[in-house]
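Student: The structure's right below; bear with me while I get my questions together.
Every number in this text was worked out from the coordinates using simple rules, so none of it is lab data. Predicted model, so just to flag it, every value in this text is computed and none were measured. Here the Cβ positions follow ideal geometry from the backbone for every residue, glycine too, while neighbour counts run over all protein chains shown.
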Amino acid sequence: MASRGVVCSHEQRARPAYAAELASGWLDGGTGAPVNGWVLAGIPKNRVPLGTAMNKTSISMVLVGGVFAAALTVTVGAQATRSSNDGVYTADQATKGDAVYKEQCAACHGDNLEGSGPMPPLAGKDFLANWQGKTIGDLFEKTQTSMPATAPGTLTPEQATNVMAYLLSVGKYPAGTPLPDKMDDLKKISIDTPK
């Protein structure tokens, strides 16, 4: 088969079309010269040979894309090392967060975190639909930079952390160790369905 790769020199004698392929430039370089006893089959003019720069670039791009996707998967997996089910806040933080919530958040999000109008709920299935798979750090950042709606960015890191603890307690997540107030640490805690 001239279009599929290497043709043994004894096969070329058995194929009547060999001379026509040689003349048409289908064989390597149009010469048909044996290389170590083999005649390299040529490539039809409408096909790109595997060794061309175009194919090498395409193969390189596929490999680079695969490596990038693998690195991204490892990076994302490495970010969230704890779960909201791991006891990531204390009852004291939740109590303090309750007071901040009532003062700064309840007017828009409701006394029971149910949300109202354009203000989303901060507990229950709708909350999980929006936040599951993200991190406490994502929620902390949103809260600290854009809440309360009447005075965005006025919550201190401690207040925002305590509000996160309150949201976790209302969401029936277990209490445990203190919730950190540093973004790097909060990005390592994923928001999961309560157990």
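Student: I'd like the GluC sites (Glu not before Pro) in the stretch 100-195 restricted to DSSP loop residues with at most 16 other Cβ atoms within 10 Å, sorted by number.
Tutor: Filter output for the stretch 100-195: 114.
Student: Also: What does the charge count near residue 103 come to, summing +1 for each Lys or Arg and -1 for each Asp or Glu among other residues with Cβ under 15 Å from its Cβ?
Tutor: So the surrounding residues net to -1.
Student: Tell me the net charge near residue 165. Cut-off is 11 Å between Cβ atoms, residue 165 excluded, with +1 for each Lys or Arg and -1 for each Asp or Glu.
Tutor: It works out to a net charge of -3.
Student: Once Rh for the stretch 98-195 is found with the Kirkwood sum over Cα pairs, what is the Stokes-Einstein diffusion coefficient at 25 °C and 0.890 mPa s, in µm²/s?
Tutor: Estimated diffusion coefficient is 183 µm²/s.
Student: List the residues, sorted by chain then number, that are 5 or more residues from residue 90 or on another chain and whose placed amide H is less than 5 Å from its amide H.
Tutor: HN-HN under 5 Å from residue 90: 176, 179.
Student: Then there's this: Which of the lysines could a cross-linker bridge to residue 125, judged by Cα under 28 Å and excluding same-chain residues fewer than eight apart?
Tutor: Leaving aside lysines fewer than 8 places away in the same chain, those within reach of residue 125 are 96, 102, 134, 142, 172, 182, 187, 188, 195.
Student: May I pose another question? Using θ = phi - 60° and the Karplus form 6.51 cos²θ - 1.76 cosθ + 1.60, what ³J(HN,Hα) does each residue of the stretch 108-114 get, whole Hz, x for Gly and Pro?
Tutor: Rounded to whole hertz, the list is 9, 8, x, 5, 9, 6, 7.
Student: Still on this structure, I have one more. Please give the contour-minus-distance gain from residue 114 to residue 149: 0.36 nm per residue of separation, less the Cα-Cα distance, rounded to one decimal in nm.
Tutor: Result for the pair: 11.0 nm of gain on full extension.
Student: Once amide H atoms are built 1.01 Å from N in the peptide plane, which residues 5 or more positions from residue 135, or in another chain, come under 5 Å H to H?
Tutor: Counting only residues 5 or more places away or on other chains, the set is 191.
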